[in-house]
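The values are calculated or read from the model by the stated rules, or taken from the named source; none is laboratory data. Since this is a predicted model, take the numbers as computed values, not measurements. Because the Cβ atoms are built from the backbone with ideal geometry, glycine has one as well, and the counts that use them run over all protein chains shown.
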Amino acid sequence: MDTSRITQLLQAHASGDQNALDELIPLVYSEMHKIARGRLIGERPDHTFSATALVHEAYLKLVDFNRIDWQNRYHFFGMASQVMRNILVDYAVKRQVQKRGGKRNRVTLDEEHLKEEMSLDDIISVDHALQRLEKLDERQAKVVECRFFGGLTIEETANTLGMSEPTVSRDWKMARAWLNRELKNV
């Protein structure tokens, strides 16, 4: 993947070059699809969104952000992960409203939860706690977003956020401890 070309195309699009999108799509599609698959790991098997549908929905939202000063590909993919999270949380909230109620279980944020199915209530609880964490430590919140909602490894998270692996690992441990404490009170 030509990372400098991605950055050039993002900046060209932000400057108003609509043709830049045609060249950008094939360069970012496979990475966005990988992020989408990670986001869907914890979703139920009959989820409305497939990874492809989630990529398309997220991409449409991202190209609407034509006034963003894209710093690099990591900035773009970090935003892509965040947009996908928002799409899935919005979907979960809508489904919860339709269901009206349901039994709430206590949720914890551990490594095994990265790959297991979660209820709509649990997804919403984690999202609300993550929003509170973001006000305290934005970097830790971004690490959780990549790891928990994006399904990325420590290495992939470090690359996406432009951080070292030890820093990501420390932030992940600290954020997980803080979120688990918060989620116990839900």
Residue 95 modelled with pLDDT under 85, of a type in the set (Lys, Arg) and under 18 Å from residue 176 (Cα atoms)
no
Mind checking which residues of the stretch 141-164 are touching a Ser or Thr at 6+ places or on another chain (Cβ under 9 Å), under 16 Å from residue 89 (Cβ atoms) and in a loop (DSSP other than H, G, I, E, B)?
150
Please verify whether residue 44 is surrounded by 19 or more Cβ atoms within 10 Å (Cβ to Cβ) and at pLDDT below 80, treating the condition exactly as stated.
no
For residues in the stretch 67-82 being surrounded by fewer than 19 Cβ atoms within 10 Å (Cβ to Cβ) and either charged (D, E, K, R) or touching a His at 6+ places or on another chain (Cβ under 6 Å) (or both), which is modelled with the highest pLDDT?
69
Can you name the residue in the stretch 136-158 that is crowded, with 17+ Cβ neighbours inside 10 Å and either touching a Pro at 6+ places or on another chain (Cβ under 7 Å) or of a type in the set (S, T, N, Q) (or both) and, of all such residues, is modelled with the highest pLDDT?
140
